[in-house]
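Structure first, commentary second.
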Amino acid sequence: MKKFYLILIALICSANCFALVKIDSLKQQISPVENRVAELKSQLDSTQNDSVKAILYAEIAAQYLNYDSLENKKTRFAYQNEVLNYTYKALHLFSRYADTVGLRNCFDYLATVYHSQKKFPQAKWFIIQSNSLSRAIHDGTNVMRSLIKMAAIKMDIKDYTLAMRDLNEALKISVANRDPRTESTVQLNYALLYNRMKNPKKGKIAMDRHLFIDDSLHKAEMDMVVKTVVTDSTTVVKKKIQPKLTKKAPRPDSSKKIASL
């Protein structure tokens, strides 16, 4: 019986240790976000300025937007609710000051969360607002980004025709702006769309185009790195050689001159 109790105690201790390790790993996983949020909340408590509060609310919401990296569904859902909570607080203040960029960012955050929660009417409405504001301030980059997001939402509700229209416009702007990175993203979304439309042939063409652009961008980046390294190495070599070339010749000894005379 004594032996049984000893084994039972050992098992309980092992279970507790395992639980503590699991809790510690979860804390480690979310601690960077929680730490940053704690800092931002501290800044919130120390200010009365509404425009500053709006920025801090939006930044807290942005921190919680990293919910996709979480494995725990409960925690992920809690993060999504925090995004909604702080985004609406920021939205209220940004609207008071007619801060277009702040409002646009809030609309993006809300569209992202509602899309994740499969609340498609809300997601669609907010991304349309984001797109409208980006057009109003002639922000081509965010017009394209919102069009791609809009297409993704429409794909999920099987509105393929309108999704294609959004991607076509995003592609046209990316080519006009010479923005190959966005063009690559558009091609990836074309591939997803064509595959959903049961057209794998066109899906493969779009995917090949996406991979080709990405490969070209990667090569260009590597060429720039090599060029920078070579330039830096040449500069270092020149600096080492230069002192030797500019070193003054030693002055002749006057005593030797007199001796030769």
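No lab work stands behind these numbers, since they all come straight from the coordinates. What you see is a predicted model; the values in this text were computed from it and never measured. When we count neighbours, we look across all protein chains shown, and the Cβ atoms used for this are built from the backbone with ideal geometry, even at glycine.
Some values worked out for this structure:
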read-out	value
Percent breakdown of C-alpha pair distances by 10 Å bin, ordered from the shortest bin, for the range 32-130	17, 47, 30, 6
Sorted by Cβ neighbour density within 10 Å, fewest at the top, the residues LYS118, LYS149	LYS118, LYS149
Peptides 72-79, 177-184 ordered by average Cβ neighbours within 10 Å, highest first	177-184, 72-79
For the range 159-175, Karplus couplings with θ = phi - 60° (6.51, -1.76, 1.60), whole Hz, Gly/Pro x	8, 5, 5, 6, 4, 4, 4, 5, 5, 4, 5, 4, 5, 4, 5, 5, 5
Ranked packing of 191-204, 123-136, most packed first, by mean Cβ within 10 Å	123-136, 191-204
Three-way shape label, the range 123-218, alpha-carbon gyration tensor, a/c 1.5	oblate
